[in-house]
Every structure is written in structure tokens, then in C-alpha cells.
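A.B. asks: One structure, as C-alpha cells, below. Some questions next.
The values are calculated or read from the model by the stated rules, or taken from the named source; none is laboratory data. Computed from a predicted model, the values in this text were never measured in an experiment. Here the Cβ positions follow ideal geometry from the backbone for every residue, glycine too, while neighbour counts run over all protein chains shown. Just so you know, the surface numbers come from the protein's heavy atoms only, side chains and all, with ligands and any DNA or RNA stripped out. Shrake-Rupley method; radii C 1.70, N 1.55, O 1.52, S 1.80 Å.
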Amino acid sequence: MLGGYAITSLGTMRQKLEYVFAIYDKDKKNSISRENMIRVISAMYDLFGKSKTEYPPQRCVEDVFSLIDVNNDQTLTKEEFIDGVMKNPYLSDLISPFNE
């Protein structure tokens, strides 16, 4: 996490988002499934002691996908992810493990 923090503190916005994308792309398929994103966001909630009842990880993921899954194929490509977050900067607060 420390290396990731350094990258997300010092890099360009695109570099930061490429690193965050890699965190979600656990199976290295160059896409993020809802399940992968739910797992990572759930772990972030646990790590930061955030309540899962106020804004459940599943609902968070539904909100993210509804905003940035432009082709509605139920996965996010790297470009969809990066472009979507760059167009909707408030999403960074929801999905980046380095904003706490």
C-alpha cells in the first residue's frame, strides 16, 4: 500500500487511476467486474472502519457502474474506468483506497 500511496500522491491523474485500476483488476483481464470491485471496496470499508450499512459496497458499485459503464456490458475497461473517473472526479473519493 505504501508504494501505491507514493504513486497516487506524486503521479498524474491518469497514472493514479491506472494504479487504482490495477488494484481492482485482480484477475488481470484488463477489465473490472462488479464482483472484483465489490471485493476491493468491501476490503476498503473494513480497513478504514466504514459502515457497510450506510452505503453498502454493492450500492456503491452499482452507482459507479451506472455512471461509467458506457457500453453497459457489466465490466469496466481501463479506458471506461479512467475516462469515467476523470469526467466524474467525485468518484475518486468512492473508489480510491488512497483518499482516506
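A.B. asks: Near LYS78, which lysines are there with a Cα under 25 Å away, not counting those fewer than 8 places off in the same chain?
C.D. replies: LYS16, LYS26, LYS28, LYS29, LYS87
A.B. asks: Another question about this same structure. For the chain, compute Rg over Rh where Rg is the Cα radius of gyration and Rh is the Kirkwood radius from the inverse mean 1/r over Cα pairs.
C.D. replies: In the chain, Rg relative to Rh is 0.93.
A.B. asks: Determine, from the Cβ-Cβ distance of ARG39 and ASP93 and an R0 of 25 Å, the FRET efficiency 1/(1 + (r/R0)^6), rounded to the nearest 0.05.
C.D. replies: 0.85
A.B. asks: Suppose all protein chains stay in the model; what accessible area per residue would a 1.4 Å probe give for the chain, in Å²?
C.D. replies: 58
A.B. asks: Putting +1 on Lys and Arg Cβ atoms and -1 on Asp and Glu Cβ atoms, find which of LEU67, ILE82, MET37 reaches farthest to the positive end of the dipole of the stretch 27-100.
C.D. replies: Final value for the positive-end residue is MET37.
A.B. asks: Given the -39500 (n - 2.57) contribution per DSSP H run of 4+ residues, what per-residue ellipticity at 222 nm results for the chain, rounded to the nearest 500 deg cm²/dmol?
C.D. replies: -19000 deg cm²/dmol
A.B. asks: Let me check against my output: what whole-number percent is the relative contact order of the chain, with C-alpha pairs under 8 Å and at least 6 apart?
C.D. replies: 29
A.B. asks: Which of the trypsin sites (Lys or Arg not before Pro) found in the stretch 12-68 are loop residues per DSSP with 12 or fewer other Cβ atoms within 10 Å of their Cβ?
C.D. replies: LYS28, LYS29
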